[in-house]
Amino acid sequence: FIVFSGSNLICQTSIKDAIKKFEEKYSKPEQPMVAVEAEKVELYGMMPPILKMDATLSTLKACKHLALSSNNIEKITGLKGCERLEILSLGRNQIKKLDGVEDVAETLQELWISYNILGSLKGVEKLSKLRVLYCAQNLITKWADFEPLKECKALEVCVWDVETERWRMLRQRGGGVSVERKA
């Protein structure tokens, strides 16, 4: 799919085309892959890359793990209707904000969003069932930007970095939290 933006030529894979590629890749002669029935849908590393998430994703009703890493996505959209989604993998994209995750707040347990351009974690507090958050290598530079994590009562593991130091938070049995610097 080719898009003209002003004088620039932009090549991209649409979500619809990415799903078609996924089905072709994983289909077997005796058992065709049907993405709307799959629990894990892998749309990562598309060539040309996916630039936009859209409502086509909402057709993935059975999906528990949606992999969209290593594309060129800027916004989280189109997740309404993904009522079983537990793991959302969006690492290595161009995401600036967590707007859009609220559409899967009731089910999402893991958010993999490292290597993006997030400036804060605002929005993560809406994810009441979030247990795992990978958010290293973003543009989060101040400890205050991690304030929304206080509302994530189910959070067990969080990996991030501030001022080029990598940190890991683990919730201990009994409710305590340990925060440690990773080497």
At 1.4 Å probe radius, can you tell me the per residue accessible area of the stretch 5-90 in Å²? 54 Å²
Please list, or write none, the aspartates and glutamates whose alpha carbon is within less than 16 Å of the alpha carbon of LYS142, excluding same-chain residues fewer than 8 places away. ASP161, GLU163, GLU165
Just to confirm my numbers, what's the Cα centroid distance between the stretch 83-155 and the stretch 49-80 in Å? 15 Å
Rounded to the nearest 10 Å², the accessible area of VAL36 at probe 1.4 Å: 70 Å²
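In the stretch 87-124, which GluC sites (Glu not before Pro) are in a loop and have at most 12 other Cβ atoms within 10 Å, using DSSP for the loop call?
Working: sites: GLU102, GLU106, GLU110; in loops: GLU106.
Sites meeting the loop and neighbour criteria: GLU106.
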Name the long-range amide H neighbours of THR77: under 5 Å, sequence gap of 5 or more, or other chain; modelled H, no Pro or chain starts. MET53
Which pairs break 25 Å Cα to Cα here: LYS80/LYS122; LYS25/LYS129; LYS28/LYS80; LYS16/LYS40; LYS20/LYS52; LYS20/LYS61? LYS25/LYS129; LYS28/LYS80
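The values are calculated or read from the model by the stated rules, or taken from the named source; none is laboratory data. Quick caveat, the model's predicted, so the values are computed rather than measured. No Cβ is skipped: glycine too gets one built from the backbone with ideal geometry, and neighbour counts run over all protein chains shown. Note: accessible area is taken over every heavy atom of the protein model, side chains too, but ligands, DNA and RNA are not part of it. Shrake-Rupley method; radii C 1.70, N 1.55, O 1.52, S 1.80 Å.
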